[in-house]
1. Taking amide hydrogens as modeled 1.01 Å from N in the peptide plane, which residues meet the under 5 Å criterion relative to SER174, leaving out close sequence neighbours?
2. Amide H of LEU145: which non-local residues (sequence gap of 5 or more, or other chain) have their own amide H closer than 5 Å, using H built in the peptide plane?
3. Sorting ASP195, ASP143 on the 10 Å Cβ count, fewest up front, what's the list?
4. Can you spot the lysines whose alpha carbon is less than 23 Å from LYS43's alpha carbon? Ignore those fewer than 8 places along the same chain.
5. Over the Cα atoms of the chain, what radius of gyration and what Dmax do you get, in Å?
6. Checking the cross-link filter: which lysines have an alpha carbon closer than 28 Å to that of LYS235, excluding same-chain neighbours under 8 positions apart?
7. Can you divide the C-alpha Rg of region 350-417 by 2.2 N^0.38 Å and report the result to two decimal places?
8. In Å, what Kirkwood hydrodynamic radius results for region 169-234 from the alpha-carbon pair distances?
Amino acid sequence: LKPQRLVRDVMGSVKDTLSEDLPVRDALKSMDLNGDAMMAVIKDGRLTGLALRNTLVEAMARGYGHSPVKGYMKREIPTVRPASSVSELYDLMRDKEISHIPVISRKQLVGWVSRWDVLGMPHELKPLSSDRRRGKVKIQETDDLSGLMQDKLSLAMYSLIKDIGRIADAGNISAYLVGGFVRDLLLGRENFDLDVVVEADAMAFARNLGEKLKAKATVHPRFKTANLILPDKMKVDLATARSEFYEYPAALPTVKPSSIQQDMYRRDFSINTLALGLNGKDFGRLFDFFEARKDLREGRIRVLHDLSFIEDPTRIFRAVRFEQRFNFKLDRHTETLLRAAVDLEMFEKLHQYRVKDELILLLSEPRPLKVIRRMGELHELRFIHPGIRLDREMFKLLQSVADTLIWFDGAFPRKEYKPWLVYLSALLKSLSPEEIKQTLSRFGFAAGLNEGLLLSNAKAGTIITTLNRSGKIPASRVNALLRPLPLESLLFIAALSGSPRLRERIHRYLSL
Ligand code: CTP
């Protein structure tokens, strides 16, 4: 047996610390002197918090330079002990998505561990498959969810759902809420996407609902679906219960009206096959045809049949999205089927735009790093480009993107941008300009996006060297350098450099 590696084997030493009463201004000076983005705050020798440079910069900008640092530090911080195992540390970092963790012994700060100390170790990249934390989800036992709906949903949403049930009753139509909404209701997560399936013509039902609820109904005859937009902007998607047939792998399905049970069977994973009755007699009754609740309880992503990934290869990516979003685990057989579909390069058979949409969704998940790492493990990154390597340097860059976006969202909460594009820029970083161009046009991205990304790669070196210099740089020079670039490129460059000074200059430029 290999001895287990412990935190004490990888931790770095403590350089400087801050005292709680030190003014923000002096704390910042100290950080700049050490080149640190965060420092430990100590009282009577004990760790009481972490001061983050970005927060202190914000405090300074708002005129609080004289206030003690304790008013601006982060108090709830995870810590480890020197004798903790590296896999424990790894789990903690993954769950909290933080880059540095203090090491505490007898209540004293004795060291630091950073993400790089851990992620550099190849065998530590594997623990995802033996995650002990998963499956601790408490799921309601009874089939009657009407109480849960009343508790968890807003009054407006609850009344809308009641109205849909009432109108369905009047037309003698069986109606169900399905999919992600029911799954998230059981998981206690917010979801505003109301998906309704009716065992009838959904388009006619949607028109009827539209009239009664004064909502705008749009119908899509090809798939027998419709959607409604209510005056208060709430949305409902409606579909006729249907079976699907795939004429060839990865084709769009041919559909045929059927029962709610068959409609659930055509779906991707068991956790998405729950239906909730809306009719008077069944209002709030849960229909669980494929043991979805058991899988939710045990944290499992499971396909319903062996051809699922072959018929619809977008599920290769959806599986990772759900697994990582909920901290679940692919069931063993499902993982075997997924790996086989990856080996067969099934995603090559998909229409570009479907892959592009999936890629954007993957990189838009709340924790893209986890998603990317899992895609790497399952050899899915080669569908973006075979040249993408998830080495130490790439992880460092991706983590820097995550840190930069946290900083940016804090500093400019109202500025809109595409976080997925910043992650995509990082993933494509090691490819040649020609490869980047080909990759983006293969997915059907607009030419503008392509140019922005190539431009940021080409200019990154000059921008980083210029904006990282100490001393004054004329605003006109900064403007000339940064103006041609889209916001996502600026964020990518800020992440690439990782330098607080450069961030500061970008901050100033964007604040003008
Ligand atoms: N679906 C599927 N196969 C796909 C895409 C979707 O079976 N390739 C089904 C799933 O059952 C899903 C439903 O269609 O529950 C609606 O799709 P979508 O809105 O993408 O899924 P959600 O589960 O609502 O996902 P999210 O929480 O990401 O919105």
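1. The list, which skips near neighbours in sequence, is GLU199.
2. ARG285, LEU286
3. Details: ASP195 20, ASP143 14.
Lowest count first: ASP143, ASP195.
4. LYS15, LYS29, LYS70, LYS74, LYS107
5. In order Rg, Dmax, the Cα atoms of the chain give 26.0, 76 Å.
6. Output for LYS235: LYS152, LYS162, LYS212, LYS214, LYS216, LYS224, LYS256, LYS281, LYS356, LYS415, LYS418.
7. Numbers: Rg = 13.6 Å, N = 68, 2.2 N^0.38 = 10.9 Å.
Taking the Cα Rg and dividing by 2.2 N^0.38 Å, one obtains 1.25.
8. The Cα-based Kirkwood calculation yields 12.8 Å.
FYI, it's all coordinate maths here, none of it is from the lab. The shown structure was predicted, so the numbers you read here are calculated from the model rather than taken from an experiment. Here the Cβ is made from the backbone with ideal geometry for all residues, glycine too, and neighbour counts use every protein chain on show.
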